[in-house]
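Written below as structure tokens is the structure these notes are about.
Derivation of every value follows stated rules applied to the coordinates shown; laboratory data play no part. In this text the structure is predicted, and so the values were computed from the model without any measurement. Here the Cβ is made from the backbone with ideal geometry for all residues, glycine too, and neighbour counts use every protein chain on show.
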Amino acid sequence: MGPELPVFTRLAEKDGAIYLDLANDQWEAVEVTPVGWRIISDPPVKFRRTKGMLPLPYPVRGGSIEELRRFVDALDDTTWRLLVAFLIAAMRPTGPYPVLILQGEQGTAKSTTERVLRELVDPSTAPLRTISRDERDLAIAGTNSWCIVFDNLSGIPAV
């Protein structure tokens, strides 16, 4: 019998490095350290893959977060900074984790923005969900995804 090891979904931390599972067929991950990042094929942490998990694209050097702005509805600089801060915090392997609430009239691209952000953090076959009234289903959804996106909520029910 071998040693018992922790298993992670999408993100992990070990020895000061962060590992982002690309969820591709080669089981590659992005290793992020204080000196930079690189793609590795044999990360020192174990990841699990859930049924709905989709692969992330290979990262490209030299990009800018500003390239994202045209894909989200951030009409002012304050909103844009909040979205960027959410993305950075959502890519931390340990909490506390951010909760992003998008509000606006119908047709203001809330769902589109949710989909774009979800694709960047944790692509899934079910990018947007409705909130479950069952605590068990909510726990399962939280266990099987790094990021859960609820769409069209007018409030959060007590479960």
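Quick one: of the DSSP bridges fully inside the chain, what percent are antiparallel, nearest 5?
Details: 14 of 17 bridges.
Given both bridge residues lie in the chain, the antiparallel proportion sits at roughly 80 percent.
The residue list Trp37, Trp80, Tyr58 was ranked by how far each Cα lies along the charge dipole of the chain toward its positive end, using unit charges on Cβ atoms, and Tyr58 comes out on top. Spin-label pair Val99-Thr143: with each label point 7 Å from Cα along the Cα-Cβ axis, the two points sit 2.2 nm from one another. Given +1 at the Cβ of Lys and Arg, -1 at the Cβ of Asp and Glu and no other charges, the dipole of the chain around its Cα centre is 140 debye to the nearest 20. One chain, two ends: Ala89 and Glu66. Fully extended at 0.36 nm per residue, the span grows by 6.6 nm beyond their Cα-Cα distance. Pairwise Cα separations in the chain fall into 10 Å bins from 0 onward with the following percentages, short to long: 9, 35, 36, 16, 3, 0. Across all Cα atoms of the range 7-47, the radius of gyration (one decimal) and Dmax (whole number) stand at 9.2, 27 Å.
Using R₀ = 25 Å, calculate the FRET efficiency as 1/(1 + (r/R₀)^6) where r is the Cβ-Cβ separation of Glu13 and Asp73; round to 0.05. The calculated FRET efficiency here is 0.20.
Could you state, as a whole-number percent, how many of the C-alpha pairs of the range 65-143 are farther apart than 16 Å? Kindly include the intermediate steps, with their values, before the conclusion.
On the way: 1779 of 3081 pairs.
Here the long-distance tail beyond 16 Å is 58 percent of all Cα pairs in the range 65-143.
Taking every alpha-carbon pair under 8 Å whose residues sit at least 6 apart, the chain reaches a relative contact order of 20 percent.
By the rule of a C-alpha distance below 18 Å, with chain neighbours fewer than 8 residues away ignored, the lysines paired with Lys14 are Lys46. Considering helices alone, the calculated mean residue ellipticity of the chain at 222 nm is -7000 deg cm²/dmol, with DSSP H runs of length four and up weighted by -39500 (n - 2.57) and normalised per residue.
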